[in-house]
1. Output the number of residues of the stretch 119-150 satisfying the condition of being over 8 Å from the mean Cα position of the chain (by Cα) and assigned to a strand (DSSP E or B).
2. Regarding the stretch 56-63, can at least one residue be identified that is under 18 Å from residue 153 (Cα atoms) and in contact (Cβ under 8 Å) with a residue 24 or more places away in the chain?
3. Taking residue 113, is it over 28 Å from residue 68 (Cα atoms), part of a strand (DSSP E or B) and free of Cβ contacts under 8 Å to residues at least 60 places away in the same chain?
4. May I ask you to list the residues in the stretch 105-132 that are closer than 21 Å to residue 50 by Cα and surrounded by fewer than 18 Cβ atoms within 10 Å (Cβ to Cβ)?
5. Being surrounded by 13 or more Cβ atoms within 10 Å (Cβ to Cβ), in a helix (DSSP H, G or I) and within 13 Å of the chain's Cα centre (by Cα): is that true of residue 77 here?
6. Residues that are touching a strand residue (DSSP E or B) at 6+ places or on another chain (Cβ under 8 Å), farther than 15 Å from residue 44 by Cα and at pLDDT 90 or above: does the stretch 131-138 have at least one?
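The values are calculated or read from the model by the stated rules, or taken from the named source; none is laboratory data. Here the structure is a predicted model, which means the values were calculated and not measured. All Cβ positions, glycine included, derive from the backbone under ideal geometry; neighbour counts span all protein chains shown.
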């Protein structure tokens, strides 16, 4: 027989696990602690899109388990700059769109960058392809697209198109 106490303990444990994963929280930029181990992931945007995007057949529970393996890892992706703005007193936010073949937007990344990247970011023309790097923090899949939130951002290369 399940008692109220056992039920409460199970619910508290489930809540704790959910809060630790921190996934699906729009705008949830939570910087990693100094010196934290930060492995690199070579997964391209398209791979994570297939797993976490709105067309994925991966269940929510499985997504949460998979996300736990990616959260905090550094990725290097290529996307087109959508817009950039000052975010906090010591950082800025750049949004990049990712396209499928045929030009349909599949998803976005919101990349938090230090102000030292300001001049470089504001010199980029919206729509211009950019190679960038950041740490995966959270994601949301709504409205037919997925958005990944990255911190510790850095512009690697601005790709000049003819």
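1. Filtering the stretch 119-150 for residues over 8 Å from the mean Cα position of the chain (by Cα) gives 119-134, 140-146.
Now restrict to residues that are assigned to a strand (DSSP E or B): 129-134, 140-142, 145-146.
The number of residues fulfilling the criteria is 11.
2. Start the filter on the stretch 56-63 by keeping residues that are under 18 Å from residue 153 (Cα atoms), which leaves none.
Checked against the condition, which is being under 18 Å from residue 153 (Cα atoms) and in contact (Cβ under 8 Å) with a residue 24 or more places away in the chain, the stretch 56-63 yields no hits at all.
3. Working: over 28 Å from residue 68 (Cα atoms): no; part of a strand (DSSP E or B): yes; free of Cβ contacts under 8 Å to residues at least 60 places away in the same chain: yes.
Answer is no for this residue.
4. If we filter the stretch 105-132 for residues that are closer than 21 Å to residue 50 by Cα, which is where we start, we get 105-111, 131-132.
Those that are closer than 21 Å to residue 50 by Cα and surrounded by fewer than 18 Cβ atoms within 10 Å (Cβ to Cβ): 105, 131.
5. Numbers: surrounded by 13 or more Cβ atoms within 10 Å (Cβ to Cβ): yes; in a helix (DSSP H, G or I): no; within 13 Å of the chain's Cα centre (by Cα): yes.
Taking the combined requirement at face value, the residue does not satisfy it.
6. From the stretch 131-138, those touching a strand residue (DSSP E or B) at 6+ places or on another chain (Cβ under 8 Å) are 131-138; that's our starting set.
So of that shortlist, the ones also farther than 15 Å from residue 44 by Cα come out as 137-138.
Among the residues that remain, those that are also at pLDDT 90 or above are: 137-138.
Within the stretch 131-138 (the criterion being touching a strand residue (DSSP E or B) at 6+ places or on another chain (Cβ under 8 Å), farther than 15 Å from residue 44 by Cα and at pLDDT 90 or above), the answer is yes, since at least one residue qualifies.
Okay, residues lined up against (1) on the phi < 0 side of the Ramachandran plot; (2) assigned to a loop (DSSP other than H, G, I, E, B); (3) surrounded by 11 or more Cβ atoms within 10 Å (Cβ to Cβ); (4) over 14 Å from the mean Cα position of the chain (by Cα):
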{"position": "57", "(1), (2), (3), (4)": "yes, yes, no, yes"}
{"position": "65", "(1), (2), (3), (4)": "yes, no, yes, yes"}
{"position": "82", "(1), (2), (3), (4)": "yes, no, yes, yes"}
{"position": "85", "(1), (2), (3), (4)": "yes, no, no, yes"}
{"position": "95", "(1), (2), (3), (4)": "yes, no, yes, no"}
